[in-house]
1. I'd like to know how the chain sits against the 2.2 N^0.38 Å rule of thumb: what's its Cα Rg over that expected value?
2. Take a quick pass over the chain and tell me how many lysine pairs come in under 29 angstrom between Cα atoms, counting only ones 8 or more apart or on separate chains.
3. So what is the 222 nm mean residue ellipticity for the chain from helices alone, if each DSSP H run of at least 4 adds -39500 (n - 2.57) and you divide by all residues, rounding to the nearest 500 deg cm²/dmol?
4. Ranked highest first by the average count of other Cβ atoms within 10 Å around their residues, in what order do 129-141, 245-257 fall?
5. Using the alpha carbons of the range 98-201, what is the convex hull volume per residue in cubic angstrom, as a whole number?
6. Explain nothing, just the number: relative contact order of the chain, from Cα pairs under 8 Å at least 6 residues apart, as a whole percent.
7. From the gyration tensor of the Cα coordinates in the range 160-239, what semi-axes in whole Å does the equivalent ellipsoid have, largest first, with each one equal to sqrt(5λ)?
8. Can you give the angle from 0 to 90° between the axis of helix 2-16 and the longest principal axis of the chain, with both taken from C-alpha atoms, to the nearest 10?
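Read the figures in this text as sums done on the coordinates, not as results from a lab. All figures in this text were calculated on a predicted structure; none of them were measured in a lab. Positions of Cβ are generated from backbone atoms using ideal geometry, with glycine treated the same way; all protein chains shown enter the neighbour counts.
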Amino acid sequence: MRFRSLILLACLWLLFATPPGADAQWELSGNPGGGRITSFAVKGSILFATTRDGGVFLSIDNGATWRSINTGLPAKAVCQCLAVSDASILVGTREHGVFLSANNGGWWKAVNTGLSETQILSLAADGANLFAGTSRGVFRSGDNGVSWTAVDSGLPRDFPANCLVISNGNLAVGSGGEAFLSMDNGVSWKAISSGLPKGAQIFCLAVGETDLFAGTEMNGIFVSMDDGGRWKPTVSKVPETEIHCLLFSGANLLAGTGGGLDALMAGGEIRRIYHGVGVLLSMDKGAHWTAINSGLRLAPKLPLLKGRVAFWIECLAVNGSYLFAGTQEGEVWRFPLSDLPHK
């Protein structure tokens with residue numbers, strides 16, 4: 001079955017590798033220098049990026065140059081996620097909780113009072129309410145991070161909140177095989193997993209005008225038109241890969257892919273090899289997908305596939321007139337929004 005998956009992936013690559021236009025190109029806009037790009041956030045004209053090994057970086061020139069902004073953060077903090085709330089920006093770390101800056105990263109202060117779990121996986125902001133998804137549930141702050149309260153009634157015990165999103169005024173959270181919705185700012189939660197594959201790992205969520213989308217590990221992209229009441233696969237099947245991020249730019253839905261696949265090597269060794277079909281674009285709510293990869297740097301050749309067919313996109317953002325992609329290799333790429341395909 002794994003060999004069949006590899007052959008299918010190679011065939012799908014030929015379909016998805018076709019560039020949308022001869023002049024549409026990604027360009028390398030910079031390498032902040034902190035390793036894997038784990039998240040982006042946009043505040044006005046400023047683009048922020050978190051990294052695995054170098055903390056937080058800022059760009060005021062559409063990614064051409066990057067500046068480290070780590071004053072107040074613990075040394076070697078693994079920064080996982082960002083959120084913008086009014087004039088403040090928050091960063092979630094893997095070991096040290098949440099930090100807030102009121103001056104665009106000039107300095108950071110810890111805001112962890114009430115957080116009983118400081119491994120932060122996701123952040124979301126909705127007006128006066130901030131939400132932190134941790135490895136053991138969800139927390140809410142109504143005072144800009146001064147204090148936090150657990151809001152996990154209805155969630156499984158020690159629920160790892162991989163992703164949080166505000167959906168039509170409600171809060172949705174996703175994790176391994178399950179998604180939940182709260183209509184009262186996290187006071188109570190209800191399961192919204194009907195139609196999702198059993199055990200599917202949910203990596204990301206995104207909200208369109210009326211629909212909620214979920215990106216999974218190796219199970220594709222799913223859509224719900226009733227806030228998670230029922231999920232179904234997007235009409236066009238996405239190749240077997242991890243969906244790391246989903247982003248709306250106007251009516252366009254974009255997906256960043258990458259991940260692992262077990263392969264049988266010579267001598268009987270099972271090795272996990274990495275692949276991804278790059279950045280995918282849908283102009284019709286997932287009914288059809290087009291790869292926009294021209295110019296992106298490819299990962300090293302993969303055994304057995306005998307071709308350079310690997311990308312690893314961690315996060316996406318839109319700032320000004322550009323679409324940005326952050327990679328596992330720690331690079332930031334940009335693509336002119338004006339060059340995206342049109343209906």
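1. Values: Rg = 19.4 Å, N = 343, 2.2 N^0.38 = 20.2 Å.
The chain yields a ratio of 0.96.
2. Lysine pairs meeting both conditions in the chain amount to 18.
3. Details: 1 runs with 15 residues, N = 343.
That calculation yields -1500 deg cm²/dmol at 222 nm.
4. Details: 129-141: 23.3, 245-257: 20.4.
Put in order of decreasing packing, that is 129-141, 245-257.
5. On the way: hull volume 10.4 nm³, N = 104.
Cα-based convex hull of the range 98-201, divided per residue, equals 100 Å³.
6. On the way: 986 pairs, mean separation 55.6, N = 343.
This gives 16 percent for the chain.
7. Working: eigenvalues 71, 37, 21 Å².
Rounded to whole Å, the semi-axes are 19, 14, 10.
8. Between helix and principal axis, roughly 90 degrees.
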